[in-house]
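Chemist: Sharing a structure with you now.
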Amino acid sequence: MNKKEMKEYRIWKAMKARCYAPSNKNMGYYQKDNITVCDEWVHNFDRFLNDMGKIPDNNYSIDRIDYTKGYYKENCRWIPFNEQSKNRRNVKLYTLNGKTQTLKEWAKELNINYDMLRGRVVRKNIPFEDAIKQDLYNRQVIINNISKTVKEWCTYFNLNAGNVYSRINRGWDKKDAILKPFYKK
């Protein structure tokens, strides 16, 4: 196979372009942050291929282990695209119970809508541990092991929601505000 047809060759060329091409000077962080390709690789594709080995499959990409450093044997590896996305300067990681993941991974694992979670954490600046709560705003009221919002309970019990919310605003417990009978004057 002609080396120009090899995926590794295209990756090697792209790696060098990110670091040195004049057209990339104002487009990325590579040149601004002085990210370079080591002397052994910059003009020698065979040395690059020998050090890195063949790419495992088409779902892999070259990754700098420490994104603040350049391209050289000890700082590069082949990793799947979805793993590489974690190793970027602007990716924030969140830890819960000793496990660290991206917001998107947590949303998937916790079965929470990603856009909602991102909105809570990024736009509303709600701490991650609070943002993952299903009932973040404590809207659910549990009666007889059934969870509903105050409004849903009002509909269920045919109560005037305004009266119930008035009780809650005066400091009543939500459950009591729903279940205590209303007396007519």
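The values are calculated or read from the model by the stated rules, or taken from the named source; none is laboratory data. Predicted, not measured: the structure shown is a model, and the values here were computed from it. Cβ atoms come from the backbone with ideal geometry, glycine included; neighbour counts cover every protein chain shown.
Chemist: Can you say whether GLY119 is within 18 Å of TRP12 (Cβ to Cβ), small (Gly, Ala, Ser) and surrounded by 11 or more Cβ atoms within 10 Å (Cβ to Cβ), as far as the supplied structure shows?
Modeler: no
Chemist: Looking at (1) touching a residue at least 12 places away in the same chain (Cβ under 8 Å); (2) buried (at least 16 other Cβ atoms within 10 Å of the Cβ), which is the one condition that is false for LEU110?
Modeler: (2)
Chemist: A further question follows. Can you tell me which residue within the range 135-149, out of those that are surrounded by 10 or more Cβ atoms within 10 Å (Cβ to Cβ) and without any contact (Cβ under 8 Å) to a residue 24 or more places away in the chain, is nearest to the chain's Cα centre (by Cα)?
Modeler: Of the residues in the range 135-149, the ones surrounded by 10 or more Cβ atoms within 10 Å (Cβ to Cβ) are 135-136, 139-143, 146-149.
Within this subset, residues satisfying the condition of being without any contact (Cβ under 8 Å) to a residue 24 or more places away in the chain are 135-136, 139-140, 146-149.
Working: ASP135: 21, LEU136: 19, ARG139: 26, GLN140: 27, ILE146: 32, SER147: 29, LYS148: 30, THR149: 29 Å.
In this case the residue turns out to be LEU136.
Chemist: Filter the range 150-185 for residues that are of a type in the set (Lys, Arg) and either in a loop (DSSP other than H, G, I, E, B) or modelled with pLDDT of 90 or more (or both); which is surrounded by the most Cβ atoms within 10 Å (Cβ to Cβ)? Walk me through it before giving the result.
Modeler: Looking only at the range 150-185, we keep the residues that are of a type in the set (Lys, Arg), and these are 151, 167, 170, 174-175, 180, 184-185.
Subsequent filtering for residues that are either in a loop (DSSP other than H, G, I, E, B) or modelled with pLDDT of 90 or more (or both) retains 167, 170, 174-175, 180, 184-185.
On the way: ARG167: 17, ARG170: 8, LYS174: 20, LYS175: 13, LYS180: 12, LYS184: 4, LYS185: 2.
This residue is LYS174.
Chemist: List pairs: first residue in the range 36-56 and free of Cβ contacts under 8 Å to residues at least 12 places away in the same chain, second residue part of a helix (DSSP H, G or I) and surrounded by fewer than 17 Cβ atoms within 10 Å (Cβ to Cβ) anywhere in the structure, Cβ distance under 7 angstrom, at least six positions apart or on different chains.
Modeler: ARG47/GLU40
Chemist: Now, a different point. Within the group THR68, THR102, which residue is of a type in the set (Ser, Thr, Tyr) and within 30 Å of ALA131 (Cα to Cα)?
Modeler: Answer to the selection: THR102.
Chemist: With GLN31, GLN84 as the choices, which residue is of a type outside the set (A, V, I, L, M, F, W, C), surrounded by 13 or more Cβ atoms within 10 Å (Cβ to Cβ), modelled with pLDDT under 85 and under 23 Å from MET6 (Cβ atoms)?
Modeler: The conditions single out GLN84.
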